[in-house]
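Peer 1: Dumping the structure here so I can ask a few things about it.
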Amino acid sequence: GINQWDGLLDPLDDNLRMEILRYGQFVESTYRAFDFDTNSPTYATCRYPKTSLLARTGPRKSGYRVTKNLHATCGVELPNWVSSLSQLPRVQSSWIGYVAVCEDREEIARLGRRDVVIALRGTATCLEWLENLRVTLTKLPSHMGCGYEDCMVENGFLSLYVSKTGACPSLQDMVREEVARVIESY
C-alpha cells in the first residue's frame with residue numbers, strides 16, 4: 001500500500017479480483033467457525049473438526065483440506081483484580097484459523113502449483129482487542145526473515161504472533177512447523 005496504492009488497484013485486474021474474493025472465502029470461514037458465544041464452554045475455539053470445517057463454513061467444494069488448526073496467544077497480562085470487575089472471559093489463547101492445502105488436480109493445474117492457505121480471522125476476544133490498542137508500527141525483527149530492512153508490523157499483531165504459553169506454542173511456530181510439514185509431505 002505504499003504511495004497510497006498508486007497503480008495497484010485502479011484498475012483492478014479481473015483475474016486478481018477473482019483471486020482476492022476466492023481467498024476471502026477462506027478468511028470468511030474462520031469467522032463462521034469461531035465460537036463467539038462468551039457464555040459457551042467452548043468460547044474462543046473452533047466449532048468444527050478439521051475434517052468438516054471447510055465443508056460447513058466455506059466454499060463447499062474448494063478442493064482444499066485443513067491440515068492444522070492455529071491458535072494465537074495474547075501477550076497482554078491483566079492484573080487479577082480486573083477479572084472481578086468484568087464478567088467477560090479472559091481467554092489468553094484462542095483459535096485464530098487454519099492451514100489448508102489444495103488437493104484438487106484441476107485447481108493445482110490452474111494455479112501452476114500446490115496452494116497452501118493460511119487463513120486467520122481478525123480480532124474477536126477481549127484480550128485481542130487490548131492487543132489492538134498497541135497500534136504503533138515496529139520494525140519486524142530480522143530473525144523473522146522478511147527479506148527487507150524496512151518491514152513494519154503492528155505491535156499488537158506481532159505480540160499475538162510470537163506470544164506463547166506452556167500449553168500453547170506461538171502462532172509463528174505453529175505456522176512455520178505446519179508449512180514445513182506440508183512442503184515435506186508433498
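The values are calculated or read from the model by the stated rules, or taken from the named source; none is laboratory data. Since this is a predicted model, take the numbers as computed values, not measurements. As a convention, Cβ positions derive from the backbone with ideal geometry for all residues, glycine included, and neighbour counts pool all protein chains shown. Remember, those area values only see protein heavy atoms, side chains included, never the ligands or the DNA or RNA. Shrake-Rupley method; radii C 1.70, N 1.55, O 1.52, S 1.80 Å.
Peer 1: So which trypsin sites (Lys or Arg not before Pro) in segment 40-73 are both in a DSSP loop and have at most 14 other Cβ atoms within 10 Å of their Cβ?
Peer 2: For trypsin sites (Lys or Arg not before Pro) across segment 40-73 that sit outside H, G, I, E and B with at most 14 neighbouring Cβ atoms in 10 Å, the list reads Arg60, Lys61.
Peer 1: Tell me which cysteines of the chain come out unpaired when the rule is another cysteine's Cβ under 4.7 Å.
Peer 2: Cys46, Cys74, Cys102, Cys126, Cys168
Peer 1: Something else now. Under a 1.4 Å probe, what is the accessible area of the chain per residue, stated in Å²?
Peer 2: Here the residues of the chain average 63 Å² of exposed surface.
Peer 1: Within the set of other residues whose C-beta is less than 14 Å from the C-beta of Trp95, count the net charge using Lys and Arg as +1 and Asp and Glu as -1.
Peer 2: +2
Peer 1: Could you check how much of the accessible area of segment 1-59 is carbon and sulfur, as a whole percent, using a 1.4 Å probe?
Peer 2: 54
Peer 1: Tell me, what HN-Hα J-couplings in whole Hz come from the Karplus equation 6.51 cos²θ - 1.76 cosθ + 1.60 at θ = phi - 60° for each residue of segment 55-65, using x for Gly and Pro?
Peer 2: Listing the rounded values in order: 5, 8, 10, x, x, 3, 10, 6, x, 10, 10 Hz.
Peer 1: Anyone know which of Asp14, Asp173, Asp37 comes out most mobile in the 10 Å Cα GNM of the chain?
Peer 2: In this elastic network of the chain, the residue with the biggest mean-square fluctuation among Asp14, Asp173, Asp37 is Asp14.
Peer 1: Rolling a 1.4 angstrom probe over the protein chains, ignoring ligands and nucleic acids, what is the accessible area of Cys126 in square angstrom, nearest 10?
Peer 2: Ignoring ligands and nucleic acids, Cys126 comes out at about 50 Å².
Peer 1: Which of these, Leu70, Leu127, Leu16, has the largest mean-square fluctuation under a Gaussian network model of the chain (Cα springs below 10 Å)?
Peer 2: Leu16
Peer 1: Considering the Cα trace of the chain, what is its radius of gyration and what is Dmax, both in angstroms?
Peer 2: Just the Cα atoms of the chain yield Rg and Dmax of 18.2, 57 Å.
Peer 1: Per DSSP H run of at least 4 residues, take -39500 (n - 2.57); add these up for the chain, divide by its residues and hand me the 222 nm value, nearest 500 deg cm²/dmol.
Peer 2: When only DSSP H runs of four or more count, the value is -10500 deg cm²/dmol.
Peer 1: Between Pro141, Pro169, Pro49, where does the largest GNM mean-square fluctuation fall for the chain, given springs only between Cα atoms within less than 10 Å?
Peer 2: Pro141
Peer 1: Measuring from label point to label point, each 7 Å out along Cα→Cβ, what is the Thr165 to Arg22 span in nm?
Peer 2: 3.8
Peer 1: Mind running the shape call on segment 1-66? Use the C-alpha gyration tensor, a ≥ b ≥ c as the square roots of the eigenvalues: rounded below 1.5 for a/c, prolate if a/b tops b/c, oblate otherwise.
Peer 2: It comes out oblate by the Cα gyration axes.
Peer 1: Once the Cα atoms of segment 101-171 are picked out, what are the Rg and Dmax in Å?
Peer 2: For segment 101-171, the Cα-based Rg and Dmax read 16.4, 43 Å.
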